[in-house]
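The values are calculated or read from the model by the stated rules, or taken from the named source; none is laboratory data. It should be emphasised that the depicted structure is a prediction, and the values quoted were computed from it without experimental measurement. Neighbour counts run over all protein chains shown; Cβ positions are idealised from the backbone, glycine included.
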Amino acid sequence: MSVVKTVVTVAGAAVWAVGIALLWTTPVAAATLTAASCSYSDVNAKVGAAANGDTVVVPAGNCAWASGLTISKVITLEGAGVGQTFITDNFTSSSLITVTEQTGGNVRIQGFDFRVGTGPLNGHPDFFIRVANYSGGKPVIITANKFTLGPNGNALGFETNRGVISGNSFIGYVGGSGNCSNNASALRHKHGIQSSWKTPPTYGTADANGDQNLYFESNIGTDVLEGIDVSDNGRLVFRYNTWINSGTGGHGPDTSYYGLRYLEIYQNTYVWDKTPKCLNSQGVLANPTNVVSFINVRGGTRLIHHNVIPDLTSTSWGNKAEIRFIVEMPRRNSGPYACWTGGYPAPHQAGWGYSTGETGPLHANGGVVPDVYQDIEPIYIWANTGAGNYNNPSIDDYSPPNCNSWDTTNNYVKLNREYYLNTAKPGYTPYTYPHPLLSGSGSQSAASLPPSNLLVQ
């Protein structure tokens, strides 16, 4: 280290400065590393060699991976595109790709065609891509991929309330099931940080930087019955998607501990495609996909507006409720509040959240219900079209009940208290679309309208 004296001339005057000599280095430009093939070993080698800011390009090909890839640096993992770079999941232990959020920038994964092989996606709920939360991390971006699922399993698992999932397609399989259904999901969203239920919502433009919610936009889902499944503390914006025979729902604190926080659901086109895909009892290919509902509300709150919602009716499965409310805890012996007897309100029930400050902790049965701080945060439903029941949502009970209580959802969810119809949420403006982080992230799928050959009612 040396002390130097430097003369700097500013507007004709000599300015003396004494300081520490600095060693100047030229910043290293981001590099593009191309894997020799789409094989796991070749891709893993380039990911290992990449530095923050680099792009790892995976060429076209058809490769099966029997190991899981880990990404823990700020890189873009880029395939040659859907129909070009096929990755088949033969990994039997966990998720095929695990990404940890990075504080220095956005990890991106784009341009792949993922398929089920002999890996766990065929039989239990692991993921093609799992995204783990890291304090101070930046949103992870998943764009322009295709995910072909089996009768079970999931495409994406997000454990964080930030990120952008856009321009992807998700294909479920129902043909091998007797009831023409499946347990597959495009997204399982579960954020473990409890503060989500102790802080106000960041709806719309309240999410000033677009990093306080997870954004699922401009995607296409087909026959993914549990298409969107939001659980503990999740905050999701579901918008501008084409959702064909696929559901949008989540958990209350019935099969999870906290239940989801909220969903914004808007500018989506729900499609009821009655094309026969399964055999009937006479062995004839006659039954369409068995869709339970389009929007299922078991806890937390929703903003549901400007969607196309058709009528879910068929001779095979009868007339289904497109939007349904249910409070399961009084009649279901499951979760932390099993067989709830505390009366209204139930913990983290539909139409409740945390808006202006806690009214809890909640008290019931002469004691304090731990970890439950909430106040009313109504569901708003407005400006939807189609023949669905958005102006008369179904109020359902858990059935068959496995508790002694016969309390009913009608005592917990009431019009003009837990939910409002044909009323826009006061002061609400949707967040910028498309999400600003998508700029430069690759081509996007147009998902504003359903294919013309589908049977839409």
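Out of the strands (runs of 3 or more DSSP E) lying entirely within the stretch 242-293, which hold 1 or more residues that are among the β-branched types (Val, Ile, Thr) and more than 24 Å from Asn392 (Cβ to Cβ)? Write out each step before concluding.
Numbers: elements: 242-244, 248-250, 262-266, 269-271, 285-287.
Answer list for the stretch 242-293: 242-244.
If you go through the stretch 181-193 one residue at a time, how many are surrounded by fewer than 24 Cβ atoms within 10 Å (Cβ to Cβ), at pLDDT 90 or above and part of a loop (DSSP other than H, G, I, E, B)?
The number of residues fulfilling the criteria is 4.
Just to verify a result, which residue in the stretch 29-49, among those that are polar (S, T, N, Q) and not in a loop (DSSP other than H, G, I, E, B), is surrounded by the most Cβ atoms within 10 Å (Cβ to Cβ)? Break it down into steps so the answer makes sense when it comes.
Taking the stretch 29-49 and keeping what is polar (S, T, N, Q), we get 32, 34, 37, 39, 41, 44.
Add one more test, that the residue is not in a loop (DSSP other than H, G, I, E, B), and what stays is 32, 34, 41, 44.
Values: Thr32: 12, Thr34: 12, Ser41: 12, Asn44: 17.
Filtering the stretch 29-49 for residues that are polar (S, T, N, Q) and not in a loop (DSSP other than H, G, I, E, B), the one surrounded by the most Cβ atoms within 10 Å (Cβ to Cβ) comes out as Asn44.
If you go through the stretch 305-341, how many residues are of a type in the set (Phe, Trp, Tyr), surrounded by 24 or more Cβ atoms within 10 Å (Cβ to Cβ) and either over 24 Å from the mean Cα position of the chain (by Cα) or in a loop (DSSP other than H, G, I, E, B) (or both)?
Total satisfying the criteria: 2.
Counting only residues that are under 19 Å from Gln267 (Cβ atoms) and part of a strand (DSSP E or B), how many does the stretch 376-395 have?
5
Taking Asp211, is it among the charged types (D, E, K, R) and in contact with a helix residue (DSSP H, G or I) (Cβ under 8 Å, 6 or more places away or on another chain)?
On the way: among the charged types (D, E, K, R): yes; in contact with a helix residue (DSSP H, G or I) (Cβ under 8 Å, 6 or more places away or on another chain): no.
Here the answer is no, as Asp211 does not meet what is asked.
Tell me yes or no: at least one residue of the stretch 281-293 is touching a Pro at 6+ places or on another chain (Cβ under 7 Å) and without any contact (Cβ under 8 Å) to a residue 12 or more places away in the chain. Please lay out each step first, then the result.
Residues of the stretch 281-293 touching a Pro at 6+ places or on another chain (Cβ under 7 Å): 285-288.
If we keep only those that are without any contact (Cβ under 8 Å) to a residue 12 or more places away in the chain as well, we get 285.
Yes: one or more hits.
The conditions are (1) touching a Leu at 6+ places or on another chain (Cβ under 7 Å); (2) among the β-branched types (Val, Ile, Thr); (3) farther than 21 Å from Ala64 by Cα, and Ile171 fails exactly one of them. Which is it?
The failed condition is (3).
Quick check: anything in the stretch 208-230 polar (S, T, N, Q), modelled with pLDDT of 95 or more and more than 14 Å from the chain's Cα centre (by Cα)?
The answer is yes; a qualifying residue exists.
Filter the stretch 67-86 for residues that are touching a helix residue (DSSP H, G or I) at 6+ places or on another chain (Cβ under 9 Å) and aliphatic (A, V, I, L, M); which is farthest from Val56 (Cα to Cα)?
Among them, the one singled out is Leu69.
Could you list, in sequence order, the residues of the stretch 285-339 that are touching an Asp or Glu at 6+ places or on another chain (Cβ under 6 Å), among the β-branched types (Val, Ile, Thr) and either at pLDDT below 95 or farther than 22 Å from Ser181 by Cα (or both)?
Thr301
Please enumerate the residues belonging to the stretch 145-162 that are surrounded by fewer than 23 Cβ atoms within 10 Å (Cβ to Cβ), touching a residue at least 40 places away in the same chain (Cβ under 8 Å) and more than 15 Å from the chain's Cα centre (by Cα).
Hit for the stretch 145-162 is Lys146, nothing else.
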